[in-house]
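As structure tokens, the structure follows; a few thoughts come after it.
The values are calculated or read from the model by the stated rules, or taken from the named source; none is laboratory data. Just so you know, these numbers come straight off a predicted model, no measurement behind them. Don't worry about glycine lacking a Cβ; one is built from the backbone with ideal geometry, like all the others, and counts go over all protein chains shown. Please note that ligands, DNA and RNA were not included when accessible areas were found on the heavy atoms of the full protein model with its side chains. Shrake-Rupley method; radii C 1.70, N 1.55, O 1.52, S 1.80 Å.
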Amino acid sequence: MAFEIAEPSAPRIGVALGGGAARGLSHIPYIEAMDEMGLYPSAIAGTSIGALIGAGWAAGMTGAELRSYALEVLGSFQLIAGTVWNAHQPSLVGLLKNGLSFQVDAQSITEAFLPEGFPETFAELKIPFVTVAADYYSWEQIVFASGPLRRAIAASLAIPAAFKPVVFEGRTYIDGGVINPVPIDQVLDKSDIVVAIDVNGSPEPGEDDVPPGLVDIGFVATQIMTQTIVDAHIEKYPPDIYVRPSVNPFGLMEFWRVRELIEMAEGDKDRFKRALEEKLENFERNGSG
């Protein structure tokens, strides 16, 4: 696959792509919208699934190419399961030593789902890109902006419980979503207009007479904590455009619903384009978004 892209647009547009597992596939229509407007970011920051998609964008993939590739590799449950199994087949020695683990290796999965010819290092990218992960022991945010790219993506998307922590250079990393779900702060100094796309979901009414189950409680509790972090970051680093697609109907691991997720967000493209056009016009008039 060839990676080509035009020069970044002026004014500089920085984009922060949030984490949300399968829900992050809804980033793709917004990338397509910018492509259709002839706009290219000056900087991209991504967390978790936002790191994976953001790195593809930074490598030069268009929104249409991202859509096509996502449909190709995530088009059915059987296809995804086969790819995961091939990437995670436990060895007999490993089973005897560690037992059967339901956690998968984040780096193996990252490698398995990346397109052929994907860059190995940050230096090969065509747009400045950073991703974040959390240091498991120090509880610090770690920002990756140079060096091995694939390992950094794996660290950022190592969702606790689902993936094993990623260990390298003496540190242990887990999903960046636990510390910075929408990394707005990482594009501020490289941008005149900041776009933040939050795919965490939103509150929704329930049935008062039906108590939630154990899994639902854990899932919603995580969403609440994540949104609390996002809200604090937005207050501290307010973006010019804040996008929050309607992803509530989709489960975090329902990657096989890729077509539905993309089509759902596609309905918001025109509103997003108008908001971005307004910011561009304001910048031309006033020198700010």
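Does PRO212 count as in a loop (DSSP other than H, G, I, E, B), touching a residue at least 60 places away in the same chain (Cβ under 8 Å) and either of a type outside the set (Phe, Trp, Tyr) or open to solvent by less than 20 Å² (accessible area, probe 1.4 Å) (or both)? Let's see the steps before the verdict.
On the way: in a loop (DSSP other than H, G, I, E, B): yes; touching a residue at least 60 places away in the same chain (Cβ under 8 Å): no; either of a type outside the set (Phe, Trp, Tyr) or open to solvent by less than 20 Å² (accessible area, probe 1.4 Å) (or both): yes.
Taking the combined requirement at face value, the residue does not satisfy it.
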Quiz item: For residues in the range 101-134 being in a strand (DSSP E or B) and over 14 Å from GLY56 (Cβ atoms), which is modelled with the lowest pLDDT?
Solution: VAL104
Quiz item: Checking VAL220 against (1) more than 22 Å from ALA33 (Cα to Cα); (2) in contact with a strand residue (DSSP E or B) (Cβ under 7 Å, 6 or more places away or on another chain); (3) of a type in the set (Val, Ile, Thr), which test does it fail?
Solution: (2)
Practice problem: Among the residues of the range 8-28, write down those that are crowded, with 24+ Cβ neighbours inside 10 Å and either at pLDDT below 95 or not β-branched (Val, Ile, Thr) (or both). | Solution: GLY14, ALA16, LEU17, GLY18, GLY19, GLY20, ARG23, GLY24, LEU25, SER26, HIS27
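For (1) within 18 Å of SER48 (Cα to Cα); (2) modelled with pLDDT under 95, each residue gets a yes or a no:
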residue	(1), (2)
ASP192	no, no
ASP198	yes, no
GLU207	no, yes
ASP216	no, yes
GLN223	yes, yes
GLU235	no, no
ILE241	no, no
MET253	yes, yes
Self-check item: Failed item in (1) of a type in the set (Ser, Thr, Tyr); (2) at pLDDT 95 or above; (3) not in a loop (DSSP other than H, G, I, E, B), with TYR137 passing the rest
Solution: (3)
Exercise. Can you give me the number of residues within the range 215-240 that are open to solvent by 50 Å² or more (accessible area, probe 1.4 Å), part of a helix (DSSP H, G or I) and either under 28 Å from LYS190 (Cα atoms) or of a type in the set (A, V, I, L, M) (or both)?
Key: 10
Self-check item: Which numbered condition LEU39 fails, given (1) surrounded by fewer than 24 Cβ atoms within 10 Å (Cβ to Cβ); (2) in a strand (DSSP E or B)
Solution: (2)
Exercise. Considering each residue of the range 134-156, count those that are touching a strand residue (DSSP E or B) at 6+ places or on another chain (Cβ under 8 Å) and under 17 Å from SER108 (Cβ atoms), and give that number.
Key: 8
